[in-house]
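Novice: Have a look at this one before I ask anything.
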Amino acid sequence: MVNQQLMDIGFTHEEFAALLDQYDYHFSPGDIVAGTVFSIEPRGALIDIGAKTAAYIPIQEMSINRIDNPEEVLQSNETREFFILTDENEDGQLTLSIRRIEYMRAWERVRQLQAEDATVRSAVFATNRGGALVRIEGLRGFIPGSHISTRKPKEDLVGEELPLKFLEVDEDRNRLVLSHRRALVERKMNRLEVGEVVIGTVRGLKPYGAFIDIGGVSGLLHISEISHDHIDTPHSVFNVNDEVKVMIIDLDAERGRISLSTKQLEPEPGDMVKNPQVVYDKAEEMAAKYRERMLQQSQPQPAAPAATEEIVEELPSAEEE
């Protein structure tokens, strides 16, 4: 009967098989396809994606986060996107993943956040000898110990939410590195202004200058900005833990750098060496003068008057001379 029907509509068996093959779906690992959930099992689910055999998604591939029950993620008859994880097995069944799609989109999102130099917030879920672990967009991120700005022991940070900046986003190496210190520095730098006088504490002395703690962030008072007089070493002017008044002369938020000066606060050249208290007493007054000079320098200068035609005509020519 079937053969008669095929002959009646002008198809041979070969043509009919070719037509079926033309409309058969071909799936490859890495493809993203639409599928409908038609059976949820204790440790996975069967998904109809139009293949000859129902595809399978194991529970560990259902989410970027840990889940205990497939129904936390999937519902019967729900249609959504799936990532084809493996080729067909011996039973002709494909293995699917949602987790892989979430990973791809999470990396795309953190790359975008890094490009925007965004500050993100995340709670610490574990610590180790090297630093602390957090999750950003579901991805595991690492904060090196040198980039954690807190006096608390690392172990006490578990459960605490921290502001963070991106240091490294590398999907190929699965590396997501963040900085708590950079986020704090940026936040505090946003409250500071060039020309502002601040009180700080000397935290370190180097041949090239002094590191001053100003409200939890470190600024550099370069040796050339200590005084108008020549100084051989910052040790000749400061001691560690000295409280000082300094003026901010530059803020580089992108690099997290603050440049400071006491030289610009000297009422007379050399006061910082001879009598620092005079400098501190008149710091606000000298800073106001500094800001005024900076404002004048930033304003456009009036153009010099152009020579008039009459003046040009009065000048003797080379031939007349």
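Novice: Please go through region 204-219 and pick out each residue that is surrounded by fewer than 18 Cβ atoms within 10 Å (Cβ to Cβ), touching a residue at least 24 places away in the same chain (Cβ under 8 Å), part of a strand (DSSP E or B) and under 28 Å from the mean Cα position of the chain (by Cα).
Specialist: The answer is S218, and nothing else.
Novice: Scan region 247-270 and tell me whether some residue there is in contact (Cβ under 8 Å) with a residue 60 or more places away in the chain and in a helix (DSSP H, G or I).
Specialist: Yes - at least one qualifying residue is present in region 247-270.
Novice: Could you check, for region 230-239, whether at least one of its residues is part of a strand (DSSP E or B), of a type outside the set (A, V, I, L, M), in contact with a strand residue (DSSP E or B) (Cβ under 7 Å, 6 or more places away or on another chain) and surrounded by fewer than 18 Cβ atoms within 10 Å (Cβ to Cβ)?
Specialist: no
Novice: What is the one condition in (1) surrounded by fewer than 19 Cβ atoms within 10 Å (Cβ to Cβ); (2) out of contact with any Lys or Arg (no Cβ under 8 Å at 6 or more places or on another chain) that I136 does not satisfy?
Specialist: (1)
Condition check ((1) over 30 Å from L167 (Cα atoms); (2) of a type in the set (A, V, I, L, M); (3) touching a helix residue (DSSP H, G or I) at 6+ places or on another chain (Cβ under 9 Å)) across all residues:
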position	(1), (2), (3)
I212	no, yes, no
L221	no, yes, yes
H235	yes, no, no
V244	yes, yes, yes
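Novice: Could you figure out which of (1) part of a loop (DSSP other than H, G, I, E, B); (2) surrounded by 15 or more Cβ atoms within 10 Å (Cβ to Cβ); (3) over 30 Å from the mean Cα position of the chain (by Cα); (4) not aromatic (F, W, Y) isn't true of G195?
Specialist: All conditions pass for G195, except number (3).
Novice: Sticking with this structure for a sec: Suppose we filter V37, V120, V73, V33 for residues that are β-branched (V, I, T), modelled with pLDDT of 90 or more and in contact with a Phe, Trp or Tyr (Cβ under 7 Å, 6 or more places away or on another chain); which single one remains?
Specialist: Of the residues listed, the single one that is β-branched (V, I, T), modelled with pLDDT of 90 or more and in contact with a Phe, Trp or Tyr (Cβ under 7 Å, 6 or more places away or on another chain) is V33.
Novice: Would you be able to tell me the number of residues in region 62-85 that are surrounded by fewer than 18 Cβ atoms within 10 Å (Cβ to Cβ) and on the phi < 0 side of the Ramachandran plot?
Specialist: Summing the residues that are surrounded by fewer than 18 Cβ atoms within 10 Å (Cβ to Cβ) and on the phi < 0 side of the Ramachandran plot in region 62-85 gives 14.
Novice: Among the listed residues R111, R100, R66, R80, identify the single one that is closer than 25 Å to R182 by Cα, among the charged types (D, E, K, R) and either more than 21 Å from the chain's Cα centre (by Cα) or at pLDDT 95 or above (or both).
Specialist: R111
Novice: Give just the number: which of (1) part of a loop (DSSP other than H, G, I, E, B); (2) free of Cβ contacts under 8 Å to residues at least 24 places away in the same chain does E108 not satisfy?
Specialist: It is condition (1) that E108 fails.
Novice: Here's something else I'd like to know. Out of A115, A106, I need the residue that is among the aliphatic types (A, V, I, L, M) and surrounded by fewer than 12 Cβ atoms within 10 Å (Cβ to Cβ). Which one?
Specialist: Criteria check complete, one pass: A115.
Novice: With on the phi < 0 side of the Ramachandran plot and assigned to a loop (DSSP other than H, G, I, E, B) as the only criterion, which of R173, R187 stands out?
Specialist: R173
The values are calculated or read from the model by the stated rules, or taken from the named source; none is laboratory data. Just so it is clear, the model here is predicted, and its values are computed rather than measured. Quick reminder, even Gly has a Cβ in these numbers, built from the backbone with ideal geometry, and neighbours come from all protein chains shown.
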